[in-house]
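Participant: Handing you this structure, nothing more for now.
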Amino acid sequence: MQTPPLEPLLARIRSCRICVEQPLGAPLPHEPRPVVVGSNTARILIAGQAPGTRVHASGLPFDDRSGDRLRDWLQVDRSEFYDPACFAIAPMGFCFPGLDAKGGDLPPRRECAPAWRAQLMSAMPQIELVLVIGQYAQAWHLGAEKSRTLTETVHDWRRLLALDLCPRVLPLPHPSWRNTGWLKTNPWFERELLPVLREEIHRLLPRK
């Protein structure tokens, strides 16, 4: 099968208005601003949930405190993180979905992944490792291999990383500072998973 060209696909994604013009349920309550970083060379894909308010304003993925924590987990600086030669970044929902009644981010829009995910993955066949952040990315990329809860899925990381998948998949919790309590009650994440994550990142980043 011929690999679809990436740049025209990214242009279509960045101009997408499906959640306003053909929504599944209530339309997006603001102007769409899809945020995605595609790459023909990066070997690592960061698959998150959806942009938050700050990312919606800047157009830069993980341009917030969650990004600071994620970059610390990966042990990379901002220049490496935002270099398309190092990382592709594609959330499950490309646009900020809005806030719920309690002021938290809504789930990724339901229109986005069915419309674009398979096409985008097909256009980046060089990806070797997908970091799946949060339950929505884990459900799409792991399917039936995903466990009942996010904690169980992340705790199962050794088995999941060893699966015969192409690309390989490593599950992570969301790096939000709201998850600081989760990290304290699951110290194995920093003690056992992070060293392996950092080894994988170091192995797959371009040689300087």
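The values are calculated or read from the model by the stated rules, or taken from the named source; none is laboratory data. From a predicted model like this one, the values you see are computed outputs, not experimental measurements. All Cβ positions, even for glycine, are placed from backbone atoms using ideal geometry, and neighbour counts span all protein chains on display. These area figures cover heavy atoms from the full protein model, side chains too; ligands, DNA and RNA do not enter into them. Shrake-Rupley method; radii C 1.70, N 1.55, O 1.52, S 1.80 Å.
Participant: Do any residues in segment 113-131 that are outside any helix (DSSP H, G or I) have Cβ atoms under 7 Å from those of residues that are at pLDDT 95 or above and among the basic types (Lys, Arg), where the two are at least six apart or on different chains, and which pairs are they?
Facilitator: 126/43; 127/43; 128/43; 128/168; 129/43; 129/168
Participant: Now, a different point. Could you tell me how many of the residues in segment 72-99 are part of a strand (DSSP E or B) and surrounded by fewer than 18 Cβ atoms within 10 Å (Cβ to Cβ)?
Facilitator: Looking only at that region, the number is 1.
Participant: For segment 121-178, how many residues are at pLDDT 95 or above, under 19 Å from residue 190 (Cβ atoms), among the hydroxyl-bearing types (Ser, Thr, Tyr) and open to solvent by less than 40 Å² (accessible area, probe 1.4 Å)?
Facilitator: 1
Participant: Confirm whether residue 194 is at negative phi, more than 15 Å from the chain's Cα centre (by Cα) and not in a loop (DSSP other than H, G, I, E, B).
Facilitator: yes
Participant: Working only within segment 107-120, note down all residues that are open to solvent by 40 Å² or more (accessible area, probe 1.4 Å) and small (Gly, Ala, Ser).
Facilitator: 118
Participant: Determine whether residue 165 is without any contact (Cβ under 8 Å) to a residue 40 or more places away in the chain, farther than 18 Å from residue 48 by Cα and of a type in the set (A, V, I, L, M, F, W, C).
Facilitator: Answer is yes for this residue.
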